[in-house]
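Have a look at the structure below before the remarks.
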Amino acid sequence: MPSQSEFATALLDPAQPVPHGVAGEVERFDIYRNNVVVSLTTALARIFPVTVQMLGEDYFRALAAEFVRRHPPADRMVALYGAAFPGFVAGFEPLKDYFYLPDLALLEWTRLVVWHSAERPLIAADLAEDLEKLLASQLTLQPAAQILISEWPVASLWEAHKSDDFVSPEVWDGEALAIFRREARLIHAPMPPHFARFLLQLEHSPSLGDALVQFVEEDIAADALRLTINLLRAGCLVPTTNNYW
């Protein structure tokens, strides 16, 4: 009988011979092999629909099949399969001219991660009304929230591809956004990249006040405070202090 590793390798790669021990079932094994690859590529197409639109379905499925062969699933949760796909796209030589595509795929993967992450209840929204208390608080992103910073306008590309009348962004500057879930909805909160860097720094600061001090020289502290209050009210940010849970 073949080992589990040999069987999995042969199952995902049609160039591999049928494993010893199932040689009498070549036709059935090929059908099973094709079904497995098709189911995984279909799962990837659901996770990365805008990437499918950018590449075309035939090209995407060929690309996804190659990804499946190189990165077989590590567990049975097919719905969460594809974490390595953005990195795979980045290293795929035929797509080197699609320089924005890895970050676009990362945006789509991030949406999936946020959708399946835990969500803390909004029980500290009143903190935004008490400035002194707010500045002394340590804040963090919701578990169901992620920050994405890209050199390319991937948020605009993603938004444009939601309709059939695609219009390429007029300005190809970098973009950043917070992606979070609230009441069974995924929300994109676009922001300049330096504000996104502030939010990432906020995660490692003992208080909001300490985080703001580090950005005074960039003259964005006041705007960063307003952004923090808006995201706290929206539920993207939450205090880490146990008193609020």
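Of note:
- Yes/no for Leu95 being at pLDDT 95 or above, touching a strand residue (DSSP E or B) at 6+ places or on another chain (Cβ under 9 Å) and not aromatic (Phe, Trp, Tyr): no
- Residue among Leu177, Leu134 that is closer than 17 Å to Ala234 by Cα, of a type in the set (A, V, I, L, M) and surrounded by fewer than 22 Cβ atoms within 10 Å (Cβ to Cβ): Leu134
- For the stretch 210-245, filtering for residues that are assigned to a helix (DSSP H, G or I) and either surrounded by 14 or more Cβ atoms within 10 Å (Cβ to Cβ) or not small (Gly, Ala, Ser) (or both) leaves 20.
- Taken together, Ser168, Ser207, Ser156 contain a single residue that is surrounded by fewer than 18 Cβ atoms within 10 Å (Cβ to Cβ), among the small types (Gly, Ala, Ser), without any contact (Cβ under 8 Å) to a residue 40 or more places away in the chain and not assigned by TED's automatic domain parsing to the domain that holds Leu55, which is Ser168.
- Failed condition for Leu199, given (1) assigned to a strand (DSSP E or B); (2) closer than 13 Å to Leu231 by Cβ; (3) not aromatic (Phe, Trp, Tyr): (1)
- Residue match in the stretch 139-153 (condition: more than 23 Å from the chain's Cα centre (by Cα) and of a type in the set (D, E, K, R)): no
- One residue stands out in the stretch 109-160 among those that are among the charged types (D, E, K, R) and out of contact with any Gly (no Cβ under 9 Å at 6 or more places or on another chain): the one that is nearest to Trp172 (Cα to Cα), namely Glu159.
The values are calculated or read from the model by the stated rules, or taken from the named source; none is laboratory data. Model, not experiment: these values are computed from the prediction. Virtual Cβ from ideal backbone geometry, glycine too; neighbours counted across all protein chains shown.
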